[in-house]
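J.: Take this structure, written in structure tokens, and hold onto it; I'll ask about it next.
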Amino acid sequence: MSNIFDQFVEDPQDDQPGPQLGSNSKAELDSTATAAASPRELKIAVQELLKQGFIEESQRQDLFRSVSLQLDAINQTLEPLDLCVRVDSHRGVAFLVVAKIQAPEDAEQESWNHPLVRKQRLTLEQSLLIAILRQTFAMHEQEYGVGQSAAKISIDELLPTFMTYFGDSGSDAKNENRLLQLLDQLKTHGIVSEVDTKQEILIRPLIAHLANPESLSALLAVLKEKKVTVDSQGDE
């Protein structure tokens, strides 16, 4: 029984005769080979997107190229699943999103979830750290240009800003350990890399889309609400 991935490898166009050779045939063939990815490459790319949720050009250049060149074909295949792929060619990241659809008529709009996508809710601490990292990422792009270089920051450089929002525990070791634990949690979301031997992390390009203006505005609203609650409790 075939599945959506087999549509790539069963494409009848693969059985069509190749172009007739002529004076410019070699150049045309090279251009065609460069412009299209093989069915197997597309199959692997779609499977990777469904598995990880995103593909970075710096990590998987071959798969990112396949997705970029065959975006329409991939989205057409994913359409029955109510999923689609967005490509940020400047930052070198392709990521899977739920298409804008209406919930089934027999489901409550607020409680309905996509059956293939598991929601991962962030804690307030995780959200605050993402906002800090997003600001650092934006400043890096302003200085060096969008997608021109990797955005890195050292733990020592990040720690003072982190403590400004999270408070000082009174122990340098505890402060750093708290930060490292949160960073390790964010790593599973594709936002940061592991801490390297130089005690630096890479802020990954997906953060530009996960920490978008809408999500940051929602975070600000939550913080304002909490401040009002704290202030009212203090007055009492």
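Bear in mind that the values in this text are calculations on the coordinates, not laboratory data. Keep in mind that this is a model prediction, so the values were computed, not measured. Cβ placement follows ideal geometry from the backbone for every residue including glycine, while neighbour counts extend to all protein chains displayed.
J.: Expressed in nm to one decimal, what extension gain is obtained for the pair Ala99 and Lys187 from 0.36 nm per residue of sequence separation less their Cα-Cα distance?
T.: Numbers: separation 88, 0.36 × 88 = 31.68 nm, distance 2.49 nm.
29.2 nm is the gain from fully extending Ala99 to Lys187.
J.: A further question on this structure: Quick one: what are the phi-derived ³J(HN,Hα) couplings along region 89-98, Karplus 6.51/-1.76/1.60 with θ = phi - 60°, whole Hz, x for glycine and proline?
T.: Result, rounded to whole Hz: 5, 6, 8, x, 9, 10, 9, 8, 9, 7.
J.: Which peptide among 188-195, 142-149 comes first, and what is the full order, when sorted by highest mean count of other Cβ atoms within 10 Å?
T.: Values: 188-195: 16.9, 142-149: 11.5.
Highest mean packing first, the order is 188-195, 142-149.
J.: Under the rule of at least 5 residues apart or a separate chain, name every residue whose amide H is placed under 5 Å from the amide H of Ile153.
T.: Hits under the 5 Å cutoff: Ile201, Ile203.
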